[in-house]
1. Which one of these does Arg56 not meet: (1) modelled with pLDDT under 95; (2) more than 27 Å from Val256 (Cβ to Cβ)?
2. Please go through the range 107-131 and give me each residue that is among the hydrophobic types (A, V, I, L, M, F, W, C) and touching a Gly at 6+ places or on another chain (Cβ under 8 Å), ordered by number.
3. Of a type in the set (A, V, I, L, M, F, W, C), open to solvent by less than 20 Å² (accessible area, probe 1.4 Å) and either under 17 Å from Val223 (Cα atoms) or more than 16 Å from ligand 2 (Cβ to nearest atom) (or both): does that describe Leu164?
4. Within the range 265-281, does at least one residue satisfy the condition of being more than 16 Å from ligand 1 (Cβ to nearest atom), open to solvent by 30 Å² or more (accessible area, probe 1.4 Å), in contact with a Phe, Trp or Tyr (Cβ under 9 Å, 6 or more places away or on another chain) and not in a strand (DSSP E or B)?
5. Going by the structure shown, is Glu242 loosely packed, with under 13 Cβ neighbours inside 10 Å, more than 26 Å from Ala165 (Cβ to Cβ) and at pLDDT 90 or above?
6. Residue check, Ile82 against (1) assigned to a helix (DSSP H, G or I); (2) in contact with a strand residue (DSSP E or B) (Cβ under 6 Å, 6 or more places away or on another chain), all met but one. Which one?
7. Would you kindly identify the helices (runs of 4 or more DSSP H) lying entirely within the range 166-257 that contain at least 3 residues that are acidic (Asp, Glu)?
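The values are calculated or read from the model by the stated rules, or taken from the named source; none is laboratory data. Please read all numbers here as calculations on a predicted model, not as lab measurements. Quick reminder, even Gly has a Cβ in these numbers, built from the backbone with ideal geometry, and neighbours come from all protein chains shown. Ligands, DNA and RNA are stripped out before the accessible areas are found, and what is left, the full protein with its side chains, is counted by its heavy atoms. Shrake-Rupley method; radii C 1.70, N 1.55, O 1.52, S 1.80 Å.
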Amino acid sequence: LALYRAKNDGRGRYALFDPELHEKMQRRRALEIDLRRALAFRQFVLVYQPQVDLVRNRVTGFEALIRWHHPERGVVSPLEFIPLAEEIGLITQIGEWVLRTACKDAAGWPDDLSVSVNVSPVQFRGGNLGDIVVSALGGAGLPAHRLELEITESALLNYTDEVLATLKSVKALGVQVSMDDFGTGYSSLSYLQKFPFDKIKIDQSFIRGADSRLECQAVLRAVAGLGMSLGMKTIAEGVETEEQLERVRAEGCTSVQGYFTGRPIAEIDIDAFLSSWNRQKEAGNE
Ligand code: C2E
Ligand code: MG
Ligand code: MG
Ligand code: MG
């Protein structure tokens with residue numbers, strides 16, 4: 001790429017070196033080395049974001065979101081290191097740690113709350129995700145129906161047979177399965193038919209977009225309607241304002257997850273969050 005650019009940018013043949021690209025690759029290489037040690041050094045933590053049922057105005061569970069506390073760089077976003085972990089094959093181990101930790105944490109919550117765990121398509125390869133799920137549930141003493149796996153739409157593009165078989169075996173245990181970021185991939189209706197999803201998570205770009213764009217409002221309405229007719233729950237992601245909350249409610253979404261109802265929090269703060277939620281709810285009912 002550097003060579004190609006140098007030849008074509010007209011600034012001379014000697015510019016074989018793209019400093020921006022070089023810096024990017026160096027950061028990547030450094031991150032890769034650190035990432036390989038991060039599990040052993042216990043640098044990962046999970047934070048939890050509440051999911052709220054719009055009908056009963058109740059917290060139904062939390063999504064586990066990974067954070068990497070890098071000793072020098074501070075908190076590194078999963079948007080940066082998850083793709084890298086997938087590429088170098090580390091996601092299998094990291095994903096297993098996430099599953100086990102999330103199940104253990106959730107086992108200490110009130111038993112009407114579930115935990116949602118993001119699963120990378122790479123974790124479906126090799127075919128032992130089912131065993132890891134069984135072991136994580138057993139090790140934590142968490143009933144299967146309190147665990148939910150989130151799979152992004154793009155994960156379904158490849159490995160289709162393997163993904164389908166694993167999803168079915170996991171569902172047979174009683175684990176819930178949801179399609180994450182719906183609308184950002186091919187949004188193929190055949191996926192919804194072929195795969196046994198319990199929930200559709202509508203990508204946050206549509207929720208934000210619906211503030212001003214009719215197309216986004218139309219997508220929101222169509223997906224909520226689709227969920228209703230297929231008997232699937234629909235969660236609106238990234239709800240940040242009361243206006244958005246009322247819009248997704250009016251369109252028929254069954255739940256919300258977003259900064260408006262709660263940002264991701266540390267495990268230790270969950271009890272306090274739930275108490276304050278219930279206090280406010282009681283105050284609202286009076
Ligand atoms: P996701 O699964 O779609 O998770 C939702 C993301 O949206 C989270 O970003 C969350 O913090 C953010 N979010 C929630 N509500 C709002 C809101 O109201 N406004 C805005 N602007 N953002 C909101 P986060 O934690 O940075 O995670 C990004 C992505 O990284 C996740 O998207 C997921 O795909 C991936 N990820 C996170 N944890 C894991 C993990 O343990 N394993 C795997 N494989 N992927 C993970
Ligand atoms: Mg997710
Ligand atoms: Mg999402
Ligand atoms: Mg996402």
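1. Result: Arg56 fails condition (2) only.
2. To start, the set of residues in the range 107-131 that are among the hydrophobic types (A, V, I, L, M, F, W, C) comprises 107, 109, 113, 115, 117, 119, 122, 124, 129.
Hits for the range 107-131 are Ala107, Leu113, Val115, Val119, Val122.
3. Details: of a type in the set (A, V, I, L, M, F, W, C): yes; open to solvent by less than 20 Å² (accessible area, probe 1.4 Å): no; either under 17 Å from Val223 (Cα atoms) or more than 16 Å from ligand 2 (Cβ to nearest atom) (or both): yes.
For Leu164, the condition - of a type in the set (A, V, I, L, M, F, W, C), open to solvent by less than 20 Å² (accessible area, probe 1.4 Å) and either under 17 Å from Val223 (Cα atoms) or more than 16 Å from ligand 2 (Cβ to nearest atom) (or both) - is not met.
4. Within the range 265-281, one or more residues are more than 16 Å from ligand 1 (Cβ to nearest atom), open to solvent by 30 Å² or more (accessible area, probe 1.4 Å), in contact with a Phe, Trp or Tyr (Cβ under 9 Å, 6 or more places away or on another chain) and not in a strand (DSSP E or B).
5. Values: loosely packed, with under 13 Cβ neighbours inside 10 Å: yes; more than 26 Å from Ala165 (Cβ to Cβ): yes; at pLDDT 90 or above: yes.
Yes: the conditions hold for Glu242.
6. (2)
7. Details: elements: 189-194, 204-209, 214-230, 242-251.
Ranges flagged: 242-251.
Conditions tested, residue by residue: (1) near ligand 1 (Cβ under 9 Å from one of its atoms); (2) in contact with a helix residue (DSSP H, G or I) (Cβ under 9 Å, 6 or more places away or on another chain); (3) at pLDDT 95 or above; (4) on the phi > 0 side of the Ramachandran plot.
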position: Gly89; (1), (2), (3), (4): no, yes, no, yes
position: Ala106; (1), (2), (3), (4): no, yes, yes, no
position: Asp111; (1), (2), (3), (4): no, yes, yes, no
position: Ser114; (1), (2), (3), (4): no, yes, yes, no
position: Ser120; (1), (2), (3), (4): yes, yes, no, no
position: Leu137; (1), (2), (3), (4): no, yes, yes, no
position: Leu142; (1), (2), (3), (4): no, yes, yes, no
